Amino acid sequence: MKQLVLIYLLVLTSILLNAQVNFQEHFITNIQNGAYTLHPEDVDADGDIDILCASLLADEVVWFENLDGQGTFGEKIIISSDTDGANSVYSADLDGDGDIDILSASEEDNKIAWYENIDGLGNFGPQQILTNSLMSAKGVFPADFDGDGDLDVLATALITNLVVWFENLDGLGNFSSEITISNQIDVGNNIFAADIDNDGDMDALSASFADDKIAWYENLDGLGNFGPQQVVSSTIDGATSVYACDIDNDGDLDLISTASYLNRAYLHRNNDGLGNFGPPQNIAFGIENVRFSYPADLDDDGDLDVLFASLSDDKISWIENLNGLGSFGSVQVIDSDMNGATNVVATDIDADGDLDVVAAAYLGDDIKWYENLTILSTEEFSDNDIKIYPNPTSNLISINTNLHIEKVQIFDNLGQLLLTTNSFNTISFSNFSSGSYYLKIINAKGNYMIKKILKV
(Lines give C-alpha, C1' and ligand atoms only; values in the text may rest on other atoms or scores of the structure.)
Protein backbone atom coordinates (compact mmCIF):
# COMPACT_ATOMS: atom_id res chain seq x y z
CA MET A 1 0.00 0.00 0.00
CA LYS A 2 2.81 2.40 0.88
CA GLN A 3 4.42 1.64 -2.47
CA LEU A 4 1.18 2.43 -4.30
CA VAL A 5 0.82 5.71 -2.41
CA LEU A 6 4.43 6.60 -3.27
CA ILE A 7 3.86 5.84 -6.96
CA TYR A 8 0.69 7.96 -6.92
CA LEU A 9 2.51 10.86 -5.29
CA LEU A 10 5.33 10.64 -7.83
CA VAL A 11 2.84 10.68 -10.71
CA LEU A 12 0.96 13.60 -9.17
CA THR A 13 4.21 15.51 -8.66
CA SER A 14 5.15 14.91 -12.29
CA ILE A 15 1.78 16.24 -13.45
CA LEU A 16 2.09 19.32 -11.27
CA LEU A 17 5.66 20.02 -12.41
CA ASN A 18 4.76 19.96 -16.10
CA ALA A 19 2.44 22.89 -16.74
CA GLN A 20 -0.39 22.09 -19.10
CA VAL A 21 -0.64 25.39 -20.92
CA ASN A 22 -3.15 25.14 -23.74
CA PHE A 23 -2.87 27.03 -27.01
CA GLN A 24 -5.40 27.73 -29.75
CA GLU A 25 -4.09 28.22 -33.29
CA HIS A 26 -4.96 31.28 -35.41
CA PHE A 27 -3.65 32.20 -38.87
CA ILE A 28 -2.26 35.66 -39.55
CA THR A 29 -1.45 34.64 -43.14
CA ASN A 30 -0.59 31.51 -45.12
CA ILE A 31 0.75 33.27 -48.24
CA GLN A 32 3.80 35.20 -47.00
CA ASN A 33 6.46 33.73 -49.28
CA GLY A 34 9.45 32.64 -47.22
CA ALA A 35 8.29 34.16 -43.92
CA TYR A 36 11.54 34.05 -41.97
CA THR A 37 11.79 36.35 -38.96
CA LEU A 38 9.12 38.03 -36.83
CA HIS A 39 9.08 40.86 -34.35
CA PRO A 40 6.09 41.98 -32.22
CA GLU A 41 5.54 45.72 -31.85
CA ASP A 42 2.80 48.34 -31.62
CA VAL A 43 3.64 49.82 -35.01
CA ASP A 44 0.69 52.22 -35.28
CA ALA A 45 0.58 53.37 -31.63
CA ASP A 46 -2.99 52.22 -31.03
CA GLY A 47 -2.15 50.24 -27.89
CA ASP A 48 -2.10 46.71 -29.28
CA ILE A 49 0.62 44.45 -30.68
CA ASP A 50 1.13 44.20 -34.43
CA ILE A 51 3.53 41.78 -36.16
CA LEU A 52 6.56 42.62 -38.31
CA CYS A 53 7.98 40.07 -40.75
CA ALA A 54 11.12 39.74 -42.89
CA SER A 55 10.42 37.45 -45.86
CA LEU A 56 13.45 35.79 -47.40
CA LEU A 57 11.82 34.66 -50.65
CA ALA A 58 9.36 37.52 -51.15
CA ASP A 59 12.21 40.04 -50.62
CA GLU A 60 9.95 42.09 -48.37
CA VAL A 61 9.76 43.70 -44.97
CA VAL A 62 6.08 43.89 -44.00
CA TRP A 63 3.77 44.34 -41.05
CA PHE A 64 0.34 43.00 -40.14
CA GLU A 65 -2.03 45.23 -38.19
CA ASN A 66 -3.85 43.88 -35.16
CA LEU A 67 -7.17 45.38 -36.19
CA ASP A 68 -9.19 44.97 -33.00
CA GLY A 69 -6.55 44.36 -30.33
CA GLN A 70 -7.89 40.81 -30.01
CA GLY A 71 -5.78 39.10 -32.67
CA THR A 72 -7.77 39.78 -35.86
CA PHE A 73 -5.11 40.76 -38.38
CA GLY A 74 -5.36 42.67 -41.65
CA GLU A 75 -3.59 42.03 -44.93
CA LYS A 76 0.14 42.64 -45.10
CA ILE A 77 1.34 46.22 -45.36
CA ILE A 78 4.64 46.51 -47.22
CA ILE A 79 7.33 48.58 -45.54
CA SER A 80 9.88 47.82 -48.26
CA SER A 81 10.28 45.47 -51.21
CA ASP A 82 13.80 46.74 -51.88
CA THR A 83 15.37 43.99 -49.77
CA ASP A 84 16.84 41.02 -51.62
CA GLY A 85 16.69 38.09 -49.21
CA ALA A 86 15.26 39.86 -46.16
CA ASN A 87 16.09 37.73 -43.14
CA SER A 88 15.93 39.98 -40.06
CA VAL A 89 13.62 42.71 -38.78
CA TYR A 90 13.54 44.73 -35.58
CA SER A 91 11.83 47.84 -34.24
CA ALA A 92 13.43 50.87 -32.59
CA ASP A 93 12.96 54.62 -32.33
CA LEU A 94 16.04 55.50 -34.37
CA ASP A 95 15.30 59.18 -34.98
CA GLY A 96 14.17 60.08 -31.46
CA ASP A 97 10.70 61.29 -32.41
CA GLY A 98 8.81 58.92 -30.11
CA ASP A 99 7.44 56.47 -32.67
CA ILE A 100 8.56 53.07 -33.89
CA ASP A 101 10.93 52.84 -36.85
CA ILE A 102 12.08 49.60 -38.47
CA LEU A 103 15.47 47.94 -39.05
CA SER A 104 16.19 45.15 -41.55
CA ALA A 105 19.00 42.92 -42.77
CA SER A 106 18.96 41.29 -46.20
CA GLU A 107 21.54 38.75 -47.32
CA GLU A 108 21.41 38.80 -51.13
CA ASP A 109 22.00 42.56 -51.42
CA ASN A 110 24.26 42.77 -48.32
CA LYS A 111 22.13 45.52 -46.74
CA ILE A 112 21.51 46.84 -43.30
CA ALA A 113 18.76 49.46 -43.61
CA TRP A 114 16.12 51.38 -41.67
CA TYR A 115 12.71 52.88 -42.42
CA GLU A 116 11.26 55.96 -40.77
CA ASN A 117 7.74 55.80 -39.34
CA ILE A 118 6.71 59.11 -40.85
CA ASP A 119 3.51 59.78 -38.93
CA GLY A 120 3.70 57.32 -36.04
CA LEU A 121 0.81 55.39 -37.58
CA GLY A 122 2.80 52.84 -39.55
CA ASN A 123 3.34 54.77 -42.78
CA PHE A 124 7.00 54.37 -43.61
CA GLY A 125 9.44 56.40 -45.65
CA PRO A 126 11.96 55.09 -48.19
CA GLN A 127 14.76 52.69 -47.35
CA GLN A 128 17.76 54.36 -45.71
CA ILE A 129 20.88 52.22 -46.12
CA LEU A 130 23.48 51.92 -43.37
CA THR A 131 25.60 49.62 -45.57
CA ASN A 132 25.26 47.48 -48.68
CA SER A 133 28.65 45.82 -48.36
CA LEU A 134 28.16 43.50 -45.38
CA MET A 135 28.37 40.24 -47.31
CA SER A 136 25.26 38.15 -46.65
CA ALA A 137 24.02 40.43 -43.87
CA LYS A 138 22.19 38.19 -41.41
CA GLY A 139 21.21 39.81 -38.12
CA VAL A 140 20.32 43.25 -36.83
CA PHE A 141 19.72 44.51 -33.28
CA PRO A 142 19.32 48.03 -31.77
CA ALA A 143 21.20 49.11 -28.63
CA ASP A 144 22.85 52.21 -27.17
CA PHE A 145 26.51 51.18 -27.26
CA ASP A 146 28.10 54.58 -26.69
CA GLY A 147 25.86 55.77 -23.85
CA ASP A 148 24.65 58.92 -25.59
CA GLY A 149 20.94 58.16 -25.23
CA ASP A 150 20.15 57.17 -28.81
CA LEU A 151 19.99 53.75 -30.44
CA ASP A 152 22.90 52.40 -32.44
CA VAL A 153 22.75 49.23 -34.55
CA LEU A 154 24.48 45.86 -34.11
CA ALA A 155 24.82 43.50 -37.09
CA THR A 156 26.53 40.36 -38.37
CA ALA A 157 26.96 38.51 -41.66
CA LEU A 158 27.21 34.99 -43.03
CA ILE A 159 30.15 35.52 -45.40
CA THR A 160 31.99 38.61 -44.13
CA ASN A 161 32.52 36.85 -40.77
CA LEU A 162 32.18 40.08 -38.83
CA VAL A 163 30.33 41.42 -35.84
CA VAL A 164 29.94 45.18 -36.37
CA TRP A 165 28.05 48.18 -35.05
CA PHE A 166 26.91 51.47 -36.56
CA GLU A 167 26.87 54.62 -34.45
CA ASN A 168 23.76 56.80 -34.52
CA LEU A 169 25.72 60.03 -34.91
CA ASP A 170 23.05 62.61 -34.10
CA GLY A 171 20.12 60.66 -32.65
CA LEU A 172 18.20 61.36 -35.85
CA GLY A 173 19.14 58.19 -37.73
CA ASN A 174 22.29 59.36 -39.47
CA PHE A 175 24.74 56.52 -38.99
CA SER A 176 28.48 56.04 -39.15
CA SER A 177 30.16 53.48 -41.36
CA GLU A 178 30.55 50.03 -39.84
CA ILE A 179 32.77 49.69 -36.76
CA THR A 180 34.25 46.22 -36.34
CA ILE A 181 33.74 44.50 -33.00
CA SER A 182 35.20 41.14 -34.06
CA ASN A 183 36.36 39.20 -37.11
CA GLN A 184 36.81 36.00 -35.12
CA ILE A 185 33.60 34.28 -36.18
CA ASP A 186 32.85 31.85 -38.99
CA VAL A 187 29.41 32.34 -40.57
CA GLY A 188 27.73 34.81 -38.26
CA ASN A 189 24.16 33.70 -37.72
CA ASN A 190 22.66 35.67 -34.84
CA ILE A 191 23.53 38.60 -32.58
CA PHE A 192 22.18 40.11 -29.36
CA ALA A 193 23.03 43.00 -27.04
CA ALA A 194 22.82 43.02 -23.23
CA ASP A 195 24.75 44.07 -20.13
CA ILE A 196 26.52 40.76 -19.58
CA ASP A 197 29.00 41.92 -16.92
CA ASN A 198 26.58 44.14 -15.01
CA ASP A 199 28.65 47.30 -15.37
CA GLY A 200 25.88 49.47 -16.78
CA ASP A 201 26.73 49.43 -20.48
CA MET A 202 25.68 47.26 -23.40
CA ASP A 203 27.88 44.37 -24.47
CA ALA A 204 27.49 42.33 -27.67
CA LEU A 205 26.81 38.61 -28.24
CA SER A 206 27.13 36.37 -31.28
CA ALA A 207 26.20 32.86 -32.40
CA SER A 208 28.30 31.65 -35.33
CA PHE A 209 27.30 28.62 -37.34
CA ALA A 210 30.47 27.16 -38.89
CA ASP A 211 32.77 27.44 -35.86
CA ASP A 212 30.06 26.39 -33.36
CA LYS A 213 30.69 29.41 -31.13
CA ILE A 214 28.66 31.33 -28.63
CA ALA A 215 30.70 34.40 -27.70
CA TRP A 216 30.45 37.82 -26.10
CA TYR A 217 32.34 41.09 -26.42
CA GLU A 218 32.83 43.47 -23.51
CA ASN A 219 32.03 47.15 -23.99
CA LEU A 220 35.17 48.31 -22.20
CA ASP A 221 34.35 51.97 -21.57
CA GLY A 222 30.62 52.33 -22.26
CA LEU A 223 31.52 54.26 -25.41
CA GLY A 224 31.48 51.35 -27.84
CA ASN A 225 35.13 50.30 -27.63
CA PHE A 226 34.97 46.53 -27.39
CA GLY A 227 37.40 44.01 -25.98
CA PRO A 228 38.44 40.71 -27.60
CA GLN A 229 36.09 37.83 -28.25
CA GLN A 230 35.28 35.86 -25.11
CA VAL A 231 34.16 32.38 -26.07
CA VAL A 232 31.31 31.03 -23.94
CA SER A 233 31.34 27.71 -25.80
CA SER A 234 32.82 26.35 -29.04
CA THR A 235 30.87 23.07 -28.97
CA ILE A 236 27.42 24.34 -30.00
CA ASP A 237 27.45 22.39 -33.25
CA GLY A 238 25.78 24.59 -35.87
CA ALA A 239 24.99 27.48 -33.52
CA THR A 240 21.90 29.31 -34.73
CA SER A 241 20.78 31.64 -31.93
CA VAL A 242 21.76 33.24 -28.64
CA TYR A 243 19.56 35.08 -26.15
CA ALA A 244 20.49 36.73 -22.85
CA CYS A 245 18.02 36.48 -19.95
CA ASP A 246 17.95 35.62 -16.25
CA ILE A 247 16.90 31.98 -16.32
CA ASP A 248 17.86 31.06 -12.76
CA ASN A 249 16.57 34.24 -11.04
CA ASP A 250 19.90 35.17 -9.47
CA GLY A 251 19.93 38.71 -10.85
CA ASP A 252 22.42 38.30 -13.69
CA LEU A 253 22.05 37.42 -17.37
CA ASP A 254 22.47 33.83 -18.49
CA LEU A 255 22.43 32.69 -22.11
CA ILE A 256 20.20 30.35 -24.09
CA SER A 257 21.67 28.95 -27.30
CA THR A 258 20.60 26.49 -29.99
CA ALA A 259 22.64 23.91 -31.92
CA SER A 260 21.01 22.98 -35.21
CA TYR A 261 23.27 19.99 -35.99
CA LEU A 262 22.81 18.51 -32.52
CA ASN A 263 19.05 19.23 -32.39
CA ARG A 264 19.55 20.67 -28.91
CA ALA A 265 19.32 23.80 -26.81
CA TYR A 266 21.70 24.83 -24.06
CA LEU A 267 21.77 26.97 -20.94
CA HIS A 268 24.98 28.87 -20.16
CA ARG A 269 24.94 30.08 -16.56
CA ASN A 270 26.59 33.41 -15.73
CA ASN A 271 28.42 32.14 -12.66
CA ASP A 272 29.48 35.44 -11.12
CA GLY A 273 27.42 38.09 -12.93
CA LEU A 274 30.62 39.29 -14.61
CA GLY A 275 30.38 37.19 -17.75
CA ASN A 276 32.24 34.09 -16.58
CA PHE A 277 30.02 31.30 -17.84
CA GLY A 278 29.77 27.69 -16.79
CA PRO A 279 29.80 24.75 -19.22
CA PRO A 280 26.77 24.40 -21.50
CA GLN A 281 23.88 22.48 -19.97
CA ASN A 282 21.63 20.60 -22.36
CA ILE A 283 18.06 21.70 -21.63
CA ALA A 284 16.22 20.33 -24.68
CA PHE A 285 16.93 17.67 -27.30
CA GLY A 286 15.14 16.15 -30.28
CA ILE A 287 14.24 19.58 -31.73
CA GLU A 288 15.37 18.86 -35.28
CA ASN A 289 17.44 21.57 -36.95
CA VAL A 290 16.41 24.07 -34.30
CA ARG A 291 16.72 27.60 -35.65
CA PHE A 292 15.66 29.91 -32.85
CA SER A 293 14.88 30.11 -29.15
CA TYR A 294 12.91 32.72 -27.22
CA PRO A 295 12.49 32.99 -23.43
CA ALA A 296 9.07 33.89 -22.03
CA ASP A 297 6.93 33.15 -18.97
CA LEU A 298 4.22 31.16 -20.72
CA ASP A 299 2.66 29.61 -17.60
CA ASP A 300 2.62 32.80 -15.49
CA ASP A 301 4.61 31.34 -12.61
CA GLY A 302 7.18 34.15 -12.48
CA ASP A 303 10.10 32.47 -14.25
CA LEU A 304 11.23 32.21 -17.86
CA ASP A 305 10.34 29.19 -19.97
CA VAL A 306 11.83 28.76 -23.47
CA LEU A 307 10.22 28.53 -26.91
CA PHE A 308 11.76 26.87 -29.99
CA ALA A 309 11.27 26.89 -33.75
CA SER A 310 12.74 23.81 -35.47
CA LEU A 311 12.94 23.67 -39.24
CA SER A 312 13.30 19.98 -40.07
CA ASP A 313 10.49 18.63 -37.89
CA ASP A 314 8.18 21.61 -38.56
CA LYS A 315 7.57 22.22 -34.87
CA ILE A 316 6.92 25.09 -32.53
CA SER A 317 7.57 23.85 -29.00
CA TRP A 318 8.47 24.94 -25.48
CA ILE A 319 10.01 23.73 -22.25
CA GLU A 320 8.90 24.70 -18.76
CA ASN A 321 11.29 26.17 -16.20
CA LEU A 322 10.15 23.89 -13.40
CA ASN A 323 11.65 25.57 -10.35
CA GLY A 324 12.70 29.02 -11.52
CA LEU A 325 16.33 27.92 -11.23
CA GLY A 326 16.80 26.58 -14.74
CA SER A 327 15.67 22.97 -14.31
CA PHE A 328 13.51 22.25 -17.34
CA GLY A 329 10.80 19.76 -18.18
CA SER A 330 10.44 17.84 -21.41
CA VAL A 331 9.69 19.40 -24.79
CA GLN A 332 6.00 20.25 -25.24
CA VAL A 333 4.78 20.69 -28.82
CA ILE A 334 2.49 23.61 -29.65
CA ASP A 335 2.31 22.94 -33.41
CA SER A 336 3.88 20.18 -35.53
CA ASP A 337 2.56 21.50 -38.85
CA MET A 338 4.72 24.59 -39.41
CA ASN A 339 6.52 23.63 -42.63
CA GLY A 340 10.09 24.82 -42.14
CA ALA A 341 9.64 26.66 -38.84
CA THR A 342 12.31 29.34 -38.48
CA ASN A 343 11.19 31.86 -35.86
CA VAL A 344 9.03 32.16 -32.75
CA VAL A 345 8.30 35.00 -30.32
CA ALA A 346 5.93 35.60 -27.40
CA THR A 347 3.73 38.63 -26.75
CA ASP A 348 0.21 39.45 -25.58
CA ILE A 349 -1.70 39.51 -28.87
CA ASP A 350 -5.23 39.58 -27.43
CA ALA A 351 -4.60 41.91 -24.48
CA ASP A 352 -5.79 39.42 -21.86
CA GLY A 353 -2.65 39.62 -19.74
CA ASP A 354 -0.92 36.39 -20.70
CA LEU A 355 1.75 35.70 -23.31
CA ASP A 356 0.64 34.26 -26.62
CA VAL A 357 2.99 32.74 -29.20
CA VAL A 358 3.67 33.91 -32.77
CA ALA A 359 5.62 31.80 -35.29
CA ALA A 360 6.86 31.82 -38.89
CA ALA A 361 7.18 28.90 -41.35
CA TYR A 362 9.73 29.58 -44.07
CA LEU A 363 8.69 26.72 -46.39
CA GLY A 364 4.99 26.83 -45.65
CA ASP A 365 4.70 30.64 -45.99
CA ASP A 366 2.66 30.67 -42.77
CA ILE A 367 2.52 33.14 -39.91
CA LYS A 368 0.38 31.90 -37.04
CA TRP A 369 -0.39 33.00 -33.54
CA TYR A 370 -1.35 30.68 -30.71
CA GLU A 371 -3.70 31.99 -28.07
CA ASN A 372 -2.58 31.17 -24.55
CA LEU A 373 -5.71 29.87 -22.85
CA THR A 374 -4.18 29.95 -19.36
CA ILE A 375 -6.38 32.00 -17.01
CA LEU A 376 -4.36 34.67 -15.25
CA SER A 377 -6.91 36.70 -13.33
CA THR A 378 -9.08 35.55 -10.43
CA GLU A 379 -11.89 37.95 -11.36
CA GLU A 380 -11.87 39.23 -7.75
CA PHE A 381 -12.00 42.84 -8.90
CA SER A 382 -12.91 44.61 -12.11
CA ASP A 383 -11.69 47.50 -14.21
CA ASN A 384 -14.05 49.79 -12.32
CA ASP A 385 -12.27 49.06 -9.05
CA ILE A 386 -8.89 50.38 -10.18
CA LYS A 387 -8.05 53.39 -12.33
CA ILE A 388 -4.59 53.78 -13.88
CA TYR A 389 -3.59 56.99 -15.63
CA PRO A 390 -2.17 58.27 -17.87
CA ASN A 391 -1.96 55.30 -20.21
CA PRO A 392 0.07 55.60 -22.44
CA THR A 393 2.61 57.34 -20.21
CA SER A 394 5.90 59.08 -20.85
CA ASN A 395 7.12 58.96 -17.26
CA LEU A 396 4.76 58.50 -14.28
CA ILE A 397 1.53 56.57 -13.73
CA SER A 398 -0.93 56.92 -10.86
CA ILE A 399 -3.12 54.17 -9.41
CA ASN A 400 -6.43 55.22 -7.91
CA THR A 401 -8.42 52.66 -5.91
CA ASN A 402 -10.32 52.21 -2.65
CA LEU A 403 -9.26 48.59 -2.44
CA HIS A 404 -6.48 47.35 -0.19
CA ILE A 405 -3.56 46.62 -2.49
CA GLU A 406 -0.65 44.60 -1.14
CA LYS A 407 1.87 45.22 -3.90
CA VAL A 408 2.33 46.02 -7.59
CA GLN A 409 4.73 44.24 -9.93
CA ILE A 410 5.93 45.38 -13.35
CA PHE A 411 6.77 42.83 -16.07
CA ASP A 412 8.20 43.23 -19.57
CA ASN A 413 6.85 41.60 -22.75
CA LEU A 414 8.80 38.41 -21.99
CA GLY A 415 7.03 38.10 -18.66
CA GLN A 416 10.24 38.93 -16.78
CA LEU A 417 9.77 40.70 -13.44
CA LEU A 418 11.32 44.18 -13.48
CA LEU A 419 10.02 45.79 -10.28
CA THR A 420 8.04 44.99 -7.14
CA THR A 421 6.73 47.83 -4.99
CA ASN A 422 4.24 48.44 -2.18
CA SER A 423 4.48 52.18 -2.78
CA PHE A 424 2.25 52.41 -5.80
CA ASN A 425 0.17 55.57 -5.75
CA THR A 426 2.69 56.94 -8.26
CA ILE A 427 5.11 54.70 -10.14
CA SER A 428 7.95 56.01 -12.29
CA PHE A 429 8.56 54.51 -15.73
CA SER A 430 11.48 56.85 -16.42
CA ASN A 431 14.06 54.05 -16.34
CA PHE A 432 12.13 51.91 -18.81
CA SER A 433 12.49 52.16 -22.58
CA SER A 434 9.52 52.69 -24.89
CA GLY A 435 7.26 49.66 -25.26
CA SER A 436 4.56 47.60 -23.58
CA TYR A 437 4.66 46.62 -19.90
CA TYR A 438 2.29 44.81 -17.54
CA LEU A 439 1.21 45.76 -14.05
CA LYS A 440 0.24 42.90 -11.77
CA ILE A 441 -1.87 44.41 -9.00
CA ILE A 442 -2.13 42.05 -6.01
CA ASN A 443 -4.52 42.36 -3.07
CA ALA A 444 -4.04 41.08 0.49
CA LYS A 445 -5.58 37.70 -0.39
CA GLY A 446 -3.10 37.15 -3.19
CA ASN A 447 -5.72 37.68 -5.86
CA TYR A 448 -4.66 39.86 -8.72
CA MET A 449 -5.50 41.56 -11.97
CA ILE A 450 -3.17 42.52 -14.83
CA LYS A 451 -3.13 45.86 -16.63
CA LYS A 452 -1.19 46.70 -19.77
CA ILE A 453 0.79 49.96 -19.82
CA LEU A 454 2.31 51.58 -22.90
CA LYS A 455 5.49 53.63 -22.32
CA VAL A 456 6.06 56.21 -25.06
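The values are calculated or read from the model by the stated rules, or taken from the named source; none is laboratory data. A quick note: this is a predicted structure, and the numbers were derived from the prediction, not measured. Cβ atoms come from the backbone with ideal geometry, glycine included; neighbour counts cover every protein chain shown. The area values use the complete protein model at the heavy-atom level, side chains included, leaving out ligands, DNA and RNA. Shrake-Rupley method; radii C 1.70, N 1.55, O 1.52, S 1.80 Å.
Values as computed for the structure displayed
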item: FRET efficiency, residue 423 to residue 46 (Cβ-Cβ, R0 41 Å, nearest 0.05); result: 0.85
item: Solvent-accessible area per residue for the stretch 229-300 (1.4 angstrom probe, square angstrom); result: 35 Å²
item: Length added when fully stretched, residue 180-residue 22, from 0.36 nm per residue minus Cα-Cα; result: 52.4 nm
item: Probe 1.4 Å, accessible area per residue of the stretch 384-454, Å²; result: 51 Å²
item: Gain in span if fully extended, residue 123 to residue 339, counting 0.36 nm per residue against the direct Cα distance; result: 74.6 nm
item: Cross-link pairs beyond the 24 Å C-alpha cut-off, checked among 387/452; 138/455; 111/315; result: 138/455; 111/315
item: Cα shape, the chain, gyration tensor, a/c 1.5 rule; result: rounded
item: Taking all pairs of distinct alpha-carbon atoms in the stretch 146-278, Kirkwood radius in angstrom; result: 14.9 Å
item: Net charge contributed by nearby residues that have their C-beta within less than 15 Å of residue 257 (K/R +1, D/E -1); result: 0
item: Local electrostatic count, residue 401, Cβ distance below 10 Å [Lys/Arg +1, Asp/Glu -1]; result: 0
item: Peptide ranges 90-103, 221-234 listed from the most packed, as the mean C-beta count within 10 angstrom indicates; result: 90-103, 221-234
item: Inter-label distance, nm, simple model (7 Å from Cα along the C-beta direction), residue 431/residue 198; result: 1.4 nm
item: Neighbourhood charge, 12 Å Cβ-Cβ cut-off, centred on residue 186 and excluding it, Lys, Arg +1 and Asp, Glu -1; result: -1
item: Span from the the stretch 198-218 Cα centroid across to the the stretch 231-252 one, whole angstrom; result: 9 Å
item: Paramagnetic reach from residue 385 (point 7 Å along Cα→Cβ, amide N under 15 Å) across the stretch 393-418; result: 400-408
item: Relative contact order (percent, whole number), the chain, Cα cutoff 8 Å, 6+ residue spacing; result: 11 percent
item: Accessible-area composition of the chain, carbon plus sulfur, in percent [1.4 Å probe]; result: 49 percent
item: Unit Cα scatterers, Debye sum, the stretch 81-188: log10 I(q)/I(0) for q = 0.18 Å⁻¹; result: -0.80
item: Size of charge dipole - the chain - debye, nearest 20, with Cβ of Lys, Arg +1 and Asp, Glu -1, no other charges; result: 1340 debye
item: In nm, spacing of pseudo-spin labels at residue 75 and residue 398 (7 Å Cα→C-beta vector); result: 4.6 nm
item: Cα gyration tensor shape of the stretch 197-254, rounded if a/c is under 1.5, else prolate or oblate by comparing a/b with b/c; result: oblate
item: Three-way shape call for the stretch 298-456 based on the alpha-carbon gyration tensor, with the a/c threshold at 1.5; result: prolate
item: Positive-end residue of 32, 422, 185, charge dipole of the chain with Cβ unit charges; result: 422
item: Listed peptides 177-188, 66-77, 356-367 by packing density, highest first (mean Cβ within 10 Å); result: 356-367, 177-188, 66-77
item: For peptides 202-214, 144-156, sequence by mean Cβ density within 10 Å, most packed first; result: 202-214, 144-156
item: Sites residue 407 and residue 313, calculated FRET efficiency, Cβ-Cβ separation with R0 56 Å, nearest 0.05; result: 0.85
